Amino acid sequence: KADAGYKAALQTRPNFAPALNNLGEMAFATGNAAKALNFFQKATETQNSEGYANLALIQRNKASKGEVSMVKEAVDNIHRALAVDSYNVEAYNMLATLLYDHAKTRSQLNIARLICVQAIKSHPKFAPIRSTLALILLRQKKVTPALAAFRQAVALDPTMMDASMNIGAITLSFRDYKTAKAAFEKVLALGPKDKSLKVAALVGLGVAHRGQKDYKGAMAKYEEAKKLDPQNTDIDFNIGILIQDYMFDSGNPSQAIADLKKAESYLDKYAQNGKSRAKKKDAKRRLKNFRQLVPMLQE
């Protein structure tokens with residue numbers, strides 16, 4: 001309905017920038033970056049502030065994929081957006097995000113933080129700027145203030161999946177499994193289309209179940225994640241640890257041997273193909289323990 005409405009507006013005024021910009025935003029939201037870029041460029045032809053800010057978003061994404069020249073292009077478009085509308089909070093958010101992406105010093109990170117703080121004073125109900133501030137605070141190792149900022153972002157906009165994911169990750173590190181479980185469940189309830197995000201939420205939820213001693217629930221979430229991403233060795237690592245450390249019963253030797261062999265198969269996958277050196281070392285240590293423990297259980 002929105003698409004039809006904006007196109008009807010363009011029939012009357014072909015260069016009506018707000019309609020062009022919003023069509024671009026919808027194209028971007030559905031994954032068509034090329035179509036979005038075309039609309040944003042048309043919007044900027046009439047010096048539309050939102051169009052400039054969204055053009056900077058496309059360029060920021062290109063920069064994150066290695067097109068370093070796009071950083072300057074993005075900054076230039078942010079300046080154009082602010083020249084047209086000095087109150088454009090999306091432009092301030094994009095500027096802070098660019099600084100966050102490419103900051104090499106503490107002072108650069110601090111400038112990004114100050115941009116967010118000032119923007120929040122003018123636009124206290126704009127959720128994305130609070131999420132950007134939270135990411136900056138995390139990089140500055142200010143975990144508790146970062147968690148508070150993520151919570152503020154979600155309170156303003158409950159559909160912010162990335163903010164909820166970060167709440168889950170931080171509270172997991174605090175061993176606040178109840179809060180982490182709620183955060184990951186919120187992400188999954190929103191139905192993320194990004195497979196990697198859904199897998200991460202399922203694994204996080206599995207860890208939260210494990211922390212609450214619901215081992216069957218944890219296994220169910222890990223297995224659900226594994227179906228979505230069979231080649232993900234991080235899931236194998238989590239399943240192996242769950243079986244060895246939480247579901248293994250030495251009082252029942254025959255079942256214990258079967259469980260250890262199952263755990264061994266998962267941890268061996270990580271030892272062979274895992275990405276983290278520390279986890280690979282841990283997996284190999286556990287495999288060595290299995291080889292010592294199984295003969296003892298058999299005896």
If you split all Cα-Cα distances of segment 106-222 into 10 Å bins from zero, what percentages do you get per bin, shortest first? 15, 41, 30, 12, 2
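What are the trypsin sites (Lys or Arg not before Pro) within segment 69-139 that DSSP puts in a loop, where the Cβ has at most 14 other Cβ atoms within 10 Å?
Counting only loop positions with at most 14 other Cβ atoms within 10 Å, the trypsin sites (Lys or Arg not before Pro) in segment 69-139 are LYS104, LYS125.
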Can you give the FRET efficiency to the nearest 0.05 for GLU185 and LYS142, using r as the Cβ-Cβ distance and R₀ = 25 Å? 0.40
By the mean-Cβ-within-10 Å protection proxy, highest first, 224-230, 132-138 rank as 132-138, 224-230
Taking the Cα centre of the chain as the origin, how large is its charge dipole in debye, to the nearest 20, when only Lys and Arg (+1) and Asp and Glu (-1) carry charge on their Cβ atoms? 700
Once all Cα-Cα distances of segment 1-147 are split into 10 Å bins that start at 0, what whole-number percent is in each one? 12, 37, 34, 14, 3, 0
At a threshold of 8 angstrom on Cα-Cα distance, excluding pairs fewer than six apart, so keeping six or more, what relative contact order does the chain reach in percent? 7
What is the Cα centroid distance between segment 147-185 and segment 198-233, reported in whole angstrom? 17
For segment 201-299, one quarter of the surface area of the C-alpha convex hull, expressed in nm², comes to 6.1
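Kindly sort THR159, THR12, THR233 by accessible area of their heavy atoms, largest first, with the probe set to 1.4 Å. Kindly include the intermediate steps, with their values, before the conclusion.
Numbers: THR159 85, THR12 115, THR233 25 Å².
Descending order: THR12, THR159, THR233.
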How much accessible area per residue does segment 184-299 have, in Å², with a 1.4 Å probe? 57
If you split all Cα-Cα distances of the chain into 10 Å bins from zero, what percentages do you get per bin, shortest first? 6, 21, 26, 22, 14, 7, 3, 1, 0
Let me have the 222 nm mean residue ellipticity of the chain computed from DSSP H runs of 4+ only, each contributing -39500 (n - 2.57), with the sum over all residues rounded to the nearest 500. -25500 deg cm²/dmol
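With a 1.4 Å probe and all protein chains in place, put SER131, SER173 in order of accessible area, largest first. Could the numbers behind the result be given before it?
Numbers: SER131 10, SER173 85 Å².
My answer, sorted largest first, is SER173, SER131.
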Pairs of alpha-carbon atoms within less than 8 angstrom and 6+ residues apart define the contacts here; what relative contact order does segment 106-173 have, in percent? 26
Note the direction-averaged projected area, equal to a quarter of the hull surface, for the Cα convex hull of segment 143-287, in nm². 9.0
Over the C-alpha atoms of segment 17-97, what are the Rg and the largest Cα-to-Cα span, Dmax, in Å? 11.4, 31
Just to confirm a number: summing +1 for Lys and Arg and -1 for Asp and Glu over residues other than LYS279 whose beta-carbon lies under 11 angstrom from that of LYS279, what do you get? +4
Per the Kirkwood formula over distinct C-alpha pairs, the hydrodynamic radius of segment 183-250 in angstrom is 12.0
Along the dipole axis of the chain (charges at Cβ: +1 for Lys and Arg, -1 for Asp and Glu; origin at the Cα centre), the most positive-end residue among SER265, LEU135, ALA56 is SER265
Per DSSP, the loop-located chymotrypsin sites (Phe, Trp or Tyr not before Pro) within segment 28-87 having at most 11 other beta carbons within 10 Å are TYR87
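The values are calculated or read from the model by the stated rules, or taken from the named source; none is laboratory data. Quantities reported herein were computed from a predicted structural model and do not represent experimental measurements. Methodologically, a virtual Cβ is constructed for each residue, glycine included, from the backbone with ideal geometry; neighbour enumeration extends over all protein chains shown. Ligands, DNA and RNA are excluded from the accessible area calculation, which covers all protein heavy atoms including side chains. Shrake-Rupley method; radii C 1.70, N 1.55, O 1.52, S 1.80 Å.
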